[in-house]
Amino acid sequence: MEISDSTLGQSASVLFYSFKTTVMEVMDSFSWWPLLVAIIVPIIIFGICITVIEIVGLWFMFVKAGEPGWAAIIPIYNYLIAIKIAGKPWWYLLLFLIPIVNLIFYIIILHGLSKSFGKGGGFTAGLFFLRFIFIPILGFRKSVYVGDKSNFGA
């Protein structure tokens with residue numbers, strides 16, 4: 001007995017139809033919206049809180065370094081100011097456009113920020129892995145800016 005292409009097509013469509021109806025029956029019998037809202041909304045609220053804490057910490061860090069605090073809320077400009085505070089040249093910002101290289105120079109800039117506030121390599125690792133905790137530490141604690149911004153124009 002030979003199986004034709006039309007027979008295979010029919011059996012595949014029947015199989016898909018039965019899977020589709022089974023999934024639809026499960027979806028109809030259980031409302032996913034309350035579960036979805038209960039999971040997603042706290043994640044969004046947590047993300048917004050972390051972002052606000054980081055922006056406020058960055059604002060205070062900029063003020064400590066003698067830069068305008070409002071620069072913390074302007075997307076690319078805040079990186080430029082952080083590069084200036086770290087004592088690195090402005091063109092480091094352009095290196096953020098190159099994959100892999102951006103990660104290396106991001107760590108270099110974070111280390112410059114750590115050194116500018118009298119911190120060490122461990123603080124650099126903290127800035128890299130837990131930025132939302134260590135930026136407010138620089139902004140709110142008694143860290144004093146001891147860096148040099150003269151290299152920024154180079």
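Which listed residue (Val101, Gly139, Gly47) has the Cα farthest towards the positive end of the charge dipole for the stretch 31-153, taking +1 on Lys and Arg C-beta and -1 on Asp and Glu C-beta about the Cα centre? Checked the options; the winner is Gly139. Computed over the stretch 31-153, the Cα gyration tensor eigenvalues convert (square root of 5λ each) into semi-axes of 29, 17, 14 Å, ordered from largest to smallest. Taking the Cα centre of the stretch 31-153 as origin and assigning +1 to Lys and Arg Cβ atoms and -1 to Asp and Glu Cβ atoms, the resulting dipole is close to 320 debye.
Only the coordinates and a few stated rules stand behind these numbers; no lab work does. Note that this is a predicted model, so its numbers are computed, not measured. All Cβ positions, glycine included, derive from the backbone under ideal geometry; neighbour counts span all protein chains shown.
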